[in-house]
Amino acid sequence: MKDGPDGKQSHALYSFEIRLEGKMLPTYHRTISMQALSGLFSAQALEIIISANLGQDHWLRGQIGHPEYHFDQNAFFKSRNYIEQNRLLILPALQAGDIRSAQQAFGRLTHAAQDFYAHSNYVLRWLGHFPEGRWPLPAEIDPFDAGLLEVRNCVQERSTGRLNHCHGYLGLAG
Ligand SMILES: [Zn+2]
């Protein structure tokens, strides 16, 4: 996401047209992964990582009952834990010689991390630091502005622990 030197183009990059009904299209997960990871892994390893990443959006195994795979339904804590759980699988798998499992765990966590920016209002809130029309390019987005991560003023569902109605605070984009 280095292109877009003029303001108009950068606005187009923030248009959220990459999302379809709140979901990021597979082609964008692939492109983002390739941009971030090319040169760091072999082509074969990259394919396993990306395949595991894309598998998270499988309509049955990935979409039903797994908001934590996608930072959906304001499941921020659960999703953060899911990333951490996958991260903790990587080193033991490598030490056991199970490279494929390590690559798959890494692929799954990259999916969740990518969805965080597409499925939450983090980016919109970050852009709120700047006057409209004078937004920095996507590559300049602070990947972790702790000030935007407040989830107060939310209504927490007793049964699920989900945080809803986070108006003005971090919440589901849409
Ligand atoms: Zn997803």
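Annotations for the structure displayed:
- Exactly one residue out of GLY97, GLY55 is modelled with pLDDT of 95 or more, surrounded by fewer than 19 Cβ atoms within 10 Å (Cβ to Cβ), touching a Gly at 6+ places or on another chain (Cβ under 7 Å) and more than 30 Å from GLU132 (Cβ to Cβ): that is GLY55.
- Exclusive hit being surrounded by fewer than 16 Cβ atoms within 10 Å (Cβ to Cβ), modelled with pLDDT under 80 and not in a loop (DSSP other than H, G, I, E, B), set GLY174, GLY161, GLY147, GLY168: GLY147
- The listed residue being touching a strand residue (DSSP E or B) at 6+ places or on another chain (Cβ under 6 Å) and either touching a residue at least 60 places away in the same chain (Cβ under 8 Å) or aliphatic (A, V, I, L, M) (or both), out of ALA105, ALA75, ALA118: ALA118
- Taking the criterion of being among the small types (Gly, Ala, Ser) and surrounded by fewer than 19 Cβ atoms within 10 Å (Cβ to Cβ), the residues of the stretch 114-144 that qualify are GLY128, GLY133, ALA139.
- Here the stretch 1-52 is the region considered, the condition is being hydroxyl-bearing (Ser, Thr, Tyr) and not in a helix (DSSP H, G or I), and the residue that is modelled with the highest pLDDT is SER42.
- Residue within the stretch 71-91 that is over 17 Å from LEU37 (Cβ atoms) and β-branched (Val, Ile, Thr) present: no
The values are calculated or read from the model by the stated rules, or taken from the named source; none is laboratory data. Small disclaimer: the values here were computed from a predicted structure and weren't measured. Here the Cβ is made from the backbone with ideal geometry for all residues, glycine too, and neighbour counts use every protein chain on show.
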